[in-house]
Amino acid sequence: MRRNLVIGNWKMKVNHQSAQKLVDDLIAGLSVEDADLAVCPPFLYIPEVCQRLAETSISCGAQNVATHAEGAYTGEIAAVMLKDFNCKYAIVGHSERRANYADTDTSVAQRFQQALESNITPVLAIGELLEDREQGVTFDIVAKQLNAVIDFAGIESFKNAVIAYEPVWAIGTGLTASAEQAQEVHLYIRQLLAEKDQQIADNIQIIYGGSVKPQNAEALFAMPDIDGALVGGDSLSADSFLKIYSSFQK
Ligand code: PEP
């Protein structure tokens, strides 16, 4: 039985004060704990946020991780540094990084591998653009992004990974894939993995991201291959985020 997982991606949308308040509100508001819950603050706030969450059931993650373990990479944060502050997850391949910071399938695969080497669970974000969906190539895009990582890191590495299906047209736009549209792609992803390893396909958490809100979380959760959510905008309100989290209780 897969556990559900809800991750909040705070992006660059908090400051020191609002990050502290958000953590306090989450700790105070958390009651049911039948699913996994995590937040990904900006790098600079990770030490403090992770420390405050250390005694709770909420985990801490990063929004990105460097492609290399160490060296002359000005401005980058290595996986081992994240591990020093107890990060459990690292998002890799978020569409904002693919679109704005030239992340490629290869660099995403390197980040994925780096996270794993430091015992951090990579949350591999994949998903199609609106034009891909309109051209009917959603499955091809998702397969290309996923296979690039499988070819680089090996199918075995997915024993300790999470996949986030995030249709780019649904991120931060208020447009959500219908539960049926999301389920169709989640099932496709699981089948792709099953062709290589049935057990990994059965066990891996595949979470959905793209304008998830309390109003649509329940319908998404009802789908058999949706194991949680990666939440951007609505993770900035403890109330909304915890409502989404409650929807994903098994
Ligand atoms: C995201 O950034 O991963 C995301 C899903 O954002 P939002 O929930 O705001 O669409």
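The values are calculated or read from the model by the stated rules, or taken from the named source; none is laboratory data. Since the model is a prediction, treat every value here as computed from it, not as a measurement. FYI the Cβ positions are ideal-geometry reconstructions off the backbone, even for glycines, and counts take in every protein chain you see. Ligands, DNA and RNA are stripped out before the accessible areas are found, and what is left, the full protein with its side chains, is counted by its heavy atoms. Shrake-Rupley method; radii C 1.70, N 1.55, O 1.52, S 1.80 Å.
Restricting attention to segment 12-55, the residues being surrounded by fewer than 15 Cβ atoms within 10 Å (Cβ to Cβ), more than 16 Å from the ligand (Cβ to nearest atom) and closer than 18 Å to LYS213 by Cβ number 1.
Any chance you could count how many residues in segment 231-250 are touching a Phe, Trp or Tyr at 6+ places or on another chain (Cβ under 7 Å) and within 13 Å of the ligand (Cβ to nearest atom)? Within segment 231-250, residues that are touching a Phe, Trp or Tyr at 6+ places or on another chain (Cβ under 7 Å) and within 13 Å of the ligand (Cβ to nearest atom) number 4. Looking only at segment 89-114, residues that are open to solvent by less than 50 Å² (accessible area, probe 1.4 Å), charged (D, E, K, R) and in a helix (DSSP H, G or I) come to 3 in all.
Could you run through segment 76-101 and say how many residues are of a type in the set (Lys, Arg) and within 14 Å of the ligand (Cβ to nearest atom)?
Number of matching residues: 2.
Quick one: in segment 189-247, which of the residues that are assigned to a helix (DSSP H, G or I) and of a type in the set (Asp, Glu) is least open to solvent (accessible area, probe 1.4 Å)? Only one residue tops the list, namely ASP234. Taken over segment 128-178, the residue count meeting the criterion of being assigned to a helix (DSSP H, G or I) and either more than 16 Å from the ligand (Cβ to nearest atom) or surrounded by fewer than 15 Cβ atoms within 10 Å (Cβ to Cβ) (or both) is 24. Between ALA69, ALA54, ALA38, the distinction of being modelled with pLDDT of 95 or more and more than 16 Å from LEU242 (Cα to Cα) belongs to ALA69 only.
Here are ARG3, ARG52: which of them is among the basic types (Lys, Arg) and in contact (Cβ under 8 Å) with a residue 40 or more places away in the chain?
Numbers: ARG52 fails: in contact (Cβ under 8 Å) with a residue 40 or more places away in the chain.
Sole residue among the options that is among the basic types (Lys, Arg) and in contact (Cβ under 8 Å) with a residue 40 or more places away in the chain: ARG3.
Among the residues making up segment 115-127, those that are part of a loop (DSSP other than H, G, I, E, B) and either touching a Leu at 6+ places or on another chain (Cβ under 9 Å) or farther than 24 Å from ASP227 by Cα (or both) are SER118, ILE120. Just a yes or no: is a residue in segment 67-76 in a helix (DSSP H, G or I) and either without any contact (Cβ under 8 Å) to a residue 24 or more places away in the chain or out of contact with any Asp or Glu (no Cβ under 8 Å at 6 or more places or on another chain) (or both)? Scanning segment 67-76 turns up no residue that is in a helix (DSSP H, G or I) and either without any contact (Cβ under 8 Å) to a residue 24 or more places away in the chain or out of contact with any Asp or Glu (no Cβ under 8 Å at 6 or more places or on another chain) (or both).
Residue check: is ALA125 within 16 Å of the ligand (Cβ to nearest atom) and either over 16 Å from the mean Cα position of the chain (by Cα) or buried (at least 18 other Cβ atoms within 10 Å of the Cβ) (or both)? I'd like the intermediate steps shown before the answer.
Numbers: within 16 Å of the ligand (Cβ to nearest atom): yes; either over 16 Å from the mean Cα position of the chain (by Cα) or buried (at least 18 other Cβ atoms within 10 Å of the Cβ) (or both): yes.
Answer is yes for this residue.
The condition (being closer than 30 Å to ASP202 by Cβ, among the polar types (S, T, N, Q) and buried (at least 23 other Cβ atoms within 10 Å of the Cβ)) is satisfied by just one residue among ASN4, ASN9, ASN86: ASN9.
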